[in-house]
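> Structure below; questions to follow.
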Amino acid sequence: MRGEGAAAEAERVQAEVWRMIGRAFEACRANGLSQSDLAKRLGVPRGQVCLWLRDKERMTLKAAVRLADAMGHDLDVRLIRRAALRPAQAEAQ
């Protein structure tokens, strides 16, 4: 995966992390946690939390990990090696 394929995959992963954090926040909010509470836990302005939860482009991986931690979650990221093509498969392509 190179170039555009890698960029598209990065977008997909970023969007998935953003959705996971959003779902976690919605569950916490249902239990009474507000954006203000979350901001206090993180030591950032409420507007920053609002921005992270509203705009996936603004939520860095570091911010996602901090948000998850503040909500009592761990964010797990895995690196998975792709299967290498066998010589016969490579020739056929």
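> How much FRET efficiency would the formula 1/(1 + (r/R0)^6) give for ARG41 and ALA84, where r is the Cβ-Cβ distance and R0 is 30 Å, rounded to 0.05?
In this case the efficiency is close to 0.10.
> Additional query: Can you give the Rg to Rh ratio of the chain, both from alpha-carbon atoms, with Rh computed by the Kirkwood formula?
1.18
> Could you tell me which trypsin sites (Lys or Arg not before Pro) in the range 16-62 are loop residues by DSSP with no more than 13 other beta carbons within 10 angstrom of their beta carbon?
Passing both the DSSP loop test and the Cβ count: ARG58.
> Starting from the Kirkwood Rh over alpha-carbon pairs, what translational D in µm² s⁻¹ does the range 1-41 have by Stokes-Einstein at 4 °C and 1.567 mPa s?
Answer, rounded: 109 µm²/s.
> Now, a different point. What residue among ALA24, ALA64, ALA83 shows peak mean-square fluctuation when the chain is described by a Gaussian network model with Cα springs under 10 Å?
ALA83
> Also, quick follow-up: Quickly estimate the mean residue ellipticity at 222 nm for the chain, helices only: each DSSP H run with n ≥ 4 gives -39500 (n - 2.57), and the total goes over all residues, rounded to 500.
-20000 deg cm²/dmol
No value in this document is a laboratory result; all are computed from the given coordinates. Owing to the predicted nature of the structure, the values given are computational and were not obtained by experimental measurement. Note that each Cβ is placed from the backbone with ideal geometry, even for glycine, and that neighbours are counted across all protein chains shown.
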